[in-house]
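Everything on this sheet refers to the single structure shown next.
The values are calculated or read from the model by the stated rules, or taken from the named source; none is laboratory data. Just so it is clear, the model here is predicted, and its values are computed rather than measured. FYI the Cβ positions are ideal-geometry reconstructions off the backbone, even for glycines, and counts take in every protein chain you see.
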Amino acid sequence: MNAAPVARAVVGGLTRRRVQTVVIGLVVLISTAAAVLAAALLAESSAPFDHAFSARHGAHLLVVVDPAKASAAQLAASARLPRVTAAAGPFAATTIGAACSRVTVRLGGPDGIGLEPMTLAGRASPGGPIDDVVLLSGHWVRRPGQVVLQYDYMSGNVPVGSTLTVTGLPGTPRLKVVGIAASITRSADAWVLPAEIGKLRPPGTPASAQMLYRFRDAGTTAAVRGDIATLTAALPAGTVTGAQSYLTVKAKDVSRVGAYVPFVVAFGVIGLVLSALIVANVVSGAVVAGYSRIGILKSIGFTPGQIIVAYTSQGLVPAAAGCLAGVLAGDGLARPLLAKAAFSYGIGVLGVPAWVDATVPVAMCCLTGVAALLPAQLGGRLSAVAAIAAGRAPRAGRGCAAHRMLSRLPLPRPVTIGLAGPFARPARAAVTLAAAGLGAAAVTFAVGLNTSLNLVQDGIHLSKTVQVRIFSVAACGAAGAEPMLGPPGSLGQGLTVRQQNAIEAVIRAQPQTLHSAAEADVQVNVDGLAKPVLVTAYRGDAAWTGYPMISGQWYTGPGQVEVPARFLTATDTAVGDTVTISFAGRQIAVRIVGEIFSSDLVMITDWRTLANADPGLDPDQYAVGLRTGTSLTAYRSVLRSKLGPGFVPILSALGVITQILSLLALIGSLTLLLAITAALGVLNTVVMQTRERLHDLGVFKAIGMTPRQAITMIVCWVAGPGLAAGALAVPAGIALHRYVLPVMFDALGTALPVSFVNVYGSWEIIGLALAGLVIAVAGALLPAGWAARTAAASALRAE
Amino acid sequence: MTEDALIRVTEVTKRYQSGGRPAVDGVSLTVAAGEAVAVMGPSGSGKSTLLNLIAGLDRPDEGSIIVAGRRIDTLSETGVARFRRAQAGMIFQFFNLLDDLTVLDNVLLPAQLAGVRRAAARARAQELLDALRIGQHRDAYPGRLSGGERQRVAIARALMNRPALLLADEPTGAVDTAAGEEIGELLLDLNASGQTLVVVTHNPALAGRYTRRVVRLMDGRISSDTGRQADDTVADSARVQVQP
């Protein structure tokens, strides 16, 4: 095939249809970027963990043992069990900073900010046959008084060089942070020299140690449970006091990125469909509009193959450019999401896999190639005479019946003429409807996601029901300092009776106070779990706190607890089951009566559940609910002045969850891009329509149509399909939301309350139904303006 | 003549390519109210360009054009569209009817764009269709009509808003001889009723029989202008009476 004339025909087509060339390029760019992002997140949601777990010899099981119950020889023998492929330990371990032990960890001196409870393990070196801990900064512990922190302890806010003070222990030990590390097994929050553990163990706390194991078969939860059973049976009774499966750790780690995957894939698919639709529309429009040109090309010697190549290329060339730019844009979008995961796995910079960058653009080009090829073949198959005749023949009077009907409506004539327009070109109207519909579906989906995620954030912080929390300054470390509103229990400082009386008196005196409850946040051990669980106990009625319920009911008395899905999964229990917790040296059986929404491993219960074991239990904070319409800042100011400098009231609404903010930002960006893509699709259709009807437009102008009337008419061409698109898109977007949202939160290991899913109100639905119209009108305005500005004489000369 | 000039074209020039030969080059022309003027010339002489400029479909590069007392070359697009609605009816060689609309809807369009009340517009349209002897085709589509009938529809549309001026670009160029003569008679009758007429044609017979003044263009310039004839009397038998 002689390429030169084909190339000239392609270049001619591209330059004559500059707007459509740009539209194809932009649309494919956006879709490719979304596809790269989706593929990268899909690939990297679990691969980095698996890669790092393998590279760092992660432990399938971390078992907490009581060294008093089993000798070193017996523990060593467990490494030779048939199912075990490797073992390490025992590593002495202890937990400090739990409120009930009166031992706290503080940043700085004894009056410093209270930190979260810390599981300490004694390791002389970071390496080993199992759980090879990666140093991310600083160095490993070399001397007593040094500590290395897990990278995400306190969300990484305790840097190398910091001093930690452990209060409540003889000598008030100080530990200097000399390094930050990452354990793929998450075997500890911090590491010290083995000999230090004894000095840091809270008084009265039994000695414990960690054993790390790798097994032949540990691919499923059932297999890991079998491994635990084997170990428990092989060791003396009572040796195994807790266990942590790597699958639980993986689920939580993977969820950081995994939560993004479902909705990004959804947006990616919408983008791909839009791209294919628009490319097919552009090329088919070029073929249909260029029948005469095709006929002339054929009459001067172009073969059908050359025609097909020429017209397919008019779609492929801008698509290829869009693909290349889209890959760069997709990489740019994916990089920040993957960077944090990379840091945590200690595997250097994590980027988009090369195979994604190679595969996605090839797939996009194939998709757009097929979309362009099908209509191009139509042109190639026409004979020269047929093509010229088809190009010159008067248009059949399609849409006449619609014109007659609509002309009877008491509406301005440009409106009725415009509304009848789609009936003359039903296929093009269908494309407009599809483009606007996909865009409107994306908007509907995004609005639902936005509402749901905000409900999630409110649900986690209880900011709609517990508007204010009151802590003591001792908990905050310094007068006026505000603690981070992290997980409850991070402060570990109980309120004295005098402080409680002071707070309760002030709260009762404020007329804006609707509810209040004293709250204690303590760490308890749960049978079968390696790490302690945070328990929040409320004194008095606390049903008003509004924890989002998924199933079951709120507790009605002591001995009943609410737990989230993560707890149920980790303990292999269900609502109605009983678990045993250890608190203040006593074993307490509690019944799970309800499942609440929370992404953390927590438990909510009545005060008496814990106070029966420890009558000296003190609350850490007060939760306060306010009457509707109360000014939060004014209420807080009153509390500050009444309570004095010894207390700090904090507004719950100030708490933000970074991951949710990131999700919302990404959703907003992708929605905007898709809406723009949809509008570009409509723009392209209107450009083709105005080109085709330019002569008619000239006639309208010649008989007195003003530019504003012309714009109205052209916009009305797409108004009908836009309205129909919105009506169809809303149920589609709602269905997508109902499907994707639970999948997202399944990745986070939690179910969702029904109220978080049924978020579309009647007025919202009506408004969203107009989204299709808005997108269609937005896409039509620009070409409508161009057409209105065209001189009448020029338009009349158009064929 | 200049006191009752409906059209005053003064030194108008129009170029389609900068540096190229102007399509209309320094043309000055006046047309009185009630005149019937033929603009003739060979292909490329600037006839249609001049007509388009008078109609406001295009803008001159130099000079001025005043129609019915308004300077139209400086009007906005909206202003010139409103001028055309009210003052200038256009008739084209290839009719320029809208195939998707019935005959009646085509004729109604100028009135609908001008916001004329529905009842009044329909009455006026019916009156025109009957006067032009195509009332029986009101619900037909233009594609089904003969060339002559389509041109009558176009004339009816052009007269819908009672324009002061009727501009026709080769009105008989796309119809057969018989139909062409009918169209010519029609235009003559309209002029006899007082309608100002400017007709672009390359047909000397049409120009001679149905107009009283012939302006010839050559290379964008007026080469001759017969001016008004001595006998300005209206034809004795005007077969079409259309109320202004």
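The figures follow:
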| read-out | value |
| --- | --- |
| Count of region A:152-161 residues which are hydroxyl-bearing (Ser, Thr, Tyr) and surrounded by fewer than 18 Cβ atoms within 10 Å (Cβ to Cβ) | 1 |
| Some residue of region A:306-325 being assigned to a helix (DSSP H, G or I) and farther than 21 Å from residue A:28 by Cβ | yes |
| Filtered residues of region B:157-175 (kept if at the interface with chain A (Cβ under 10 Å from one of its Cβ atoms) and in contact with a Phe, Trp or Tyr (Cβ under 7 Å, 6 or more places away or on another chain)) | B:169 |
| When residues of region B:108-154 are limited to those that are free of Cβ contacts under 8 Å to residues at least 40 places away in the same chain, of a type in the set (Lys, Arg) and closer than 22 Å to residue B:168 by Cα, the one surrounded by the most Cβ atoms within 10 Å (Cβ to Cβ) | B:152 |
| Wholly enclosed strands (runs of 3 or more DSSP E) of region A:137-193 bearing at least 2 residues among the small types (Gly, Ala, Ser) | A:174-182 |
| Any strands (runs of 3 or more DSSP E) falling wholly within region A:559-656 and containing at least 2 residues that are under 17 Å from residue A:506 (Cα atoms) | A:621-626, A:647-651 |
| Residues satisfying the stated conditions in region B:2-59, i.e. at positive phi and not acidic (Asp, Glu) | B:19, B:26, B:34, B:41, B:44, B:46, B:56 |
| Which listed residue is in contact with a Gly (Cβ under 8 Å, 6 or more places away or on another chain) and in the same structural domain as residue A:443 (by TED's automatic domain parsing), from A:675, A:665 | A:675 |
| Odd one out for residue A:7, checked against (1) more than 28 Å from residue A:267 (Cβ to Cβ); (2) in a helix (DSSP H, G or I); (3) modelled with pLDDT under 85 | (3) |
| Filter result for the condition that a residue is farther than 30 Å from residue A:290 by Cβ and without any contact (Cβ under 8 Å) to a residue 40 or more places away in the chain, over A:726, A:761, A:749 | A:761 |
| Residue within region A:246-254 that is surrounded by fewer than 19 Cβ atoms within 10 Å (Cβ to Cβ) and on the phi > 0 side of the Ramachandran plot present | no |
| Tally of residues being touching a Ser or Thr at 6+ places or on another chain (Cβ under 6 Å) and surrounded by fewer than 22 Cβ atoms within 10 Å (Cβ to Cβ) across region B:3-29 | 9 |
| Out of A:210, A:244, A:306, sole residue that is out of contact with any Lys or Arg (no Cβ under 7 Å at 6 or more places or on another chain), under 30 Å from residue A:62 (Cβ atoms) and modelled with pLDDT of 80 or more | A:210 |
| Complete set of residues in region B:112-144 that are at the interface with another protein chain (Cβ under 9 Å from one of its Cβ atoms) and part of a helix (DSSP H, G or I) | B:112, B:113, B:114, B:118, B:142, B:143 |
| Tally, over region A:164-181, of residues that are under 39 Å from the mean Cα position of the chain (by Cα) and farther than 18 Å from residue A:146 by Cβ | 1 |
| Checklist (1) polar (S, T, N, Q); (2) touching a Ser or Thr at 6+ places or on another chain (Cβ under 7 Å); (3) more than 14 Å from every other protein chain (Cβ to nearest Cβ) applied to residue A:758, failing item | (2) |
| Listing of helices (runs of 4 or more DSSP H) fully contained in region A:693-799 that carry 1 or more residues being in the same structural domain as residue A:600 (by TED's automatic domain parsing) | none |
| Residue A:107 within 37 Å of the chain's Cα centre (by Cα), more than 13 Å from residue A:213 (Cα to Cα) and surrounded by fewer than 19 Cβ atoms within 10 Å (Cβ to Cβ) | yes |
| Odd one out for residue B:87, checked against (1) surrounded by fewer than 16 Cβ atoms within 10 Å (Cβ to Cβ); (2) of a type in the set (S, T, N, Q); (3) more than 9 Å from chain A (Cβ to nearest Cβ) | (1) |
| Matching residues, region A:546-582, being of a type in the set (D, E, K, R), at pLDDT 95 or above and surrounded by fewer than 16 Cβ atoms within 10 Å (Cβ to Cβ) | A:577 |
| Hey, residue A:585 modelled with pLDDT under 95 and under 24 Å from residue A:619 (Cβ atoms) or not | yes |
| Residue in region A:710-721 that is closer than 24 Å to residue A:449 by Cβ, away from every other protein chain (no Cβ under 13 Å) and either under 40 Å from the mean Cα position of the chain (by Cα) or surrounded by fewer than 23 Cβ atoms within 10 Å (Cβ to Cβ) (or both) present | no |
| All strands (runs of 3 or more DSSP E) inside region B:164-239 with 3 or more residues being at pLDDT 90 or above and under 18 Å from residue B:150 (Cα atoms) | B:165-169 |
| Complete set of residues in region A:686-709 that are more than 9 Å from every other protein chain (Cβ to nearest Cβ) and more than 37 Å from the chain's Cα centre (by Cα) | A:687, A:688, A:689, A:690, A:691, A:692, A:693, A:694, A:697 |
| Identity of the residue in region B:90-103, without any contact (Cβ under 8 Å) to a residue 60 or more places away in the chain and crowded, with 23+ Cβ neighbours inside 10 Å, that ends up farthest from the other protein chains (Cβ to nearest Cβ) | B:103 |
| Candidates A:443, A:447, A:473, filtered to the one that is at pLDDT below 90 and either in contact with a Lys or Arg (Cβ under 6 Å, 6 or more places away or on another chain) or away from every other protein chain (no Cβ under 14 Å) (or both) | A:473 |
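Every residue, every condition in (1) under 13 Å from the mean Cα position of the chain (by Cα); (2) within 13 Å of chain A (Cβ to nearest Cβ), yes or no:
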position	(1), (2)
B:10	no, no
B:19	no, no
B:51	yes, yes
B:59	no, yes
